[in-house]
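Q: The structure that follows is given in the form of structure tokens.
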Amino acid sequence: MTAPTAASSSEMTTPGVPPVPTSFALFKAFFFIGLTGFGGVLPWARRMLVERLGWLTSREFAELLPLAQLLPGPNVANIATVLGRQYRGAKGAAVAVFALYLAPTIITIGIGYAYARWGHAPVTAHLFAGLMPAATGLVIATVLKLVTSLPRGVASIVLVAATFISIALMKIPLLIVLAVLGPLGTITMLRRAQKD
């Protein structure tokens, strides 16, 4: 990623490049992501960071996601940590992660209280059943957007297929799949870049 470092001034701008976000801008962005990320935060995070704010390109988001998956903890929290640190140092990382979890924590406590009281009601089961297709659709939409940002070529298709088969069909743990296919993908892309 080519975003400015934490030491850059928020006033410094380059034509065609968005200004470095302030700590408050990081807070607002990740608070909104956490507040509206029902059914899965990743689709909303991509929409906010790539499409609305332009802090990342589609390619940069697709490249950051595997790193976020390799690190312990939720993917979006890892993305918040990386971006916050990149733009505003340790303070930015703390602000972004705090903002991301603030609204969901309050909402989850409220829902937990409500579920303890009314969780066994038939309407609750119907509510959860109705939300599942929407959550699935959000994940599928994000996957399709990520696929479109992949480098074109047979190697990318083979790596995507190998990853899908390893995880979905063979049930190999994600960390092992990434440890094997990640370096293979990196070597493949480096060789392709050298040829170009």
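The values are calculated or read from the model by the stated rules, or taken from the named source; none is laboratory data. What you are looking at is a predicted structure, and each value in this text was computed from that prediction instead of being measured. Don't worry about glycine lacking a Cβ; one is built from the backbone with ideal geometry, like all the others, and counts go over all protein chains shown.
Q: Filter the helices (runs of 4 or more DSSP H) completely within the range 100-196 down to those with at least 3 residues that are under 18 Å from the mean Cα position of the chain (by Cα).
A: Helices (runs of 4 or more DSSP H) meeting the threshold: 122-148, 174-195.
Q: Would you check if E63 is under 14 Å from the mean Cα position of the chain (by Cα), loosely packed, with under 14 Cβ neighbours inside 10 Å and at pLDDT below 90? Spell out how you get there, then give the answer.
A: Numbers: under 14 Å from the mean Cα position of the chain (by Cα): yes; loosely packed, with under 14 Cβ neighbours inside 10 Å: yes; at pLDDT below 90: yes.
For E63, the condition - under 14 Å from the mean Cα position of the chain (by Cα), loosely packed, with under 14 Cβ neighbours inside 10 Å and at pLDDT below 90 - is met.
Q: Another question about this same structure. Tell me yes or no: at least one residue of the range 123-130 is among the hydroxyl-bearing types (S, T, Y) and closer than 30 Å to L184 by Cβ.
A: No, the conditions are met nowhere in the range 123-130.
Q: Does A121 fit the bill of being assigned by TED's automatic domain parsing to the domain that holds W44, modelled with pLDDT of 80 or more and exposed (fewer than 12 other Cβ atoms within 10 Å of the Cβ)? Outline the logic, then answer.
A: Numbers: assigned by TED's automatic domain parsing to the domain that holds W44: yes; modelled with pLDDT of 80 or more: no; exposed (fewer than 12 other Cβ atoms within 10 Å of the Cβ): yes.
The answer is no for A121.
Q: Kindly indicate whether any position in the range 95-103 is among the aromatic types (F, W, Y) and either loosely packed, with under 15 Cβ neighbours inside 10 Å or over 24 Å from P74 (Cα atoms) (or both). Spell out the reasoning first.
A: Filtering the range 95-103 down to residues among the aromatic types (F, W, Y) leaves 98, 101.
Still in the running and either loosely packed, with under 15 Cβ neighbours inside 10 Å or over 24 Å from P74 (Cα atoms) (or both): none.
Checking the range 95-103: not a single residue is among the aromatic types (F, W, Y) and either loosely packed, with under 15 Cβ neighbours inside 10 Å or over 24 Å from P74 (Cα atoms) (or both).
Q: Would you check if R85 is exposed (fewer than 11 other Cβ atoms within 10 Å of the Cβ) and part of a helix (DSSP H, G or I)?
A: Against the criterion (exposed (fewer than 11 other Cβ atoms within 10 Å of the Cβ) and part of a helix (DSSP H, G or I)), R85 does not qualify.
Q: On to the next question. Return the residues of the range 75-96 that are within 30 Å of V160 (Cβ to Cβ) and either outside the structural domain of G37 (by TED's automatic domain parsing) or touching a residue at least 12 places away in the same chain (Cβ under 8 Å) (or both); say none if nothing qualifies. Before the answer, list the steps.
A: The first filter runs over the range 75-96 and keeps only residues within 30 Å of V160 (Cβ to Cβ), leaving 75-86, 96.
If the condition is that a residue be within 30 Å of V160 (Cβ to Cβ) and either outside the structural domain of G37 (by TED's automatic domain parsing) or touching a residue at least 12 places away in the same chain (Cβ under 8 Å) (or both), then N75, V76, A77, I79, A80, T81, V82, L83, G84, R85, Q86, A96 are the ones that fit.
Q: Within the range 129-136, is even one residue without any contact (Cβ under 8 Å) to a residue 12 or more places away in the chain, farther than 26 Å from R59 by Cβ and in contact with a helix residue (DSSP H, G or I) (Cβ under 8 Å, 6 or more places away or on another chain)?
A: no
Q: Tell me, please, whether a residue that is over 22 Å from Q69 (Cβ atoms), charged (D, E, K, R) and not assigned by TED's automatic domain parsing to the domain that holds L49 can be found in the range 178-192.
A: So far as the range 178-192 goes, yes, one or more of its residues are over 22 Å from Q69 (Cβ atoms), charged (D, E, K, R) and not assigned by TED's automatic domain parsing to the domain that holds L49.
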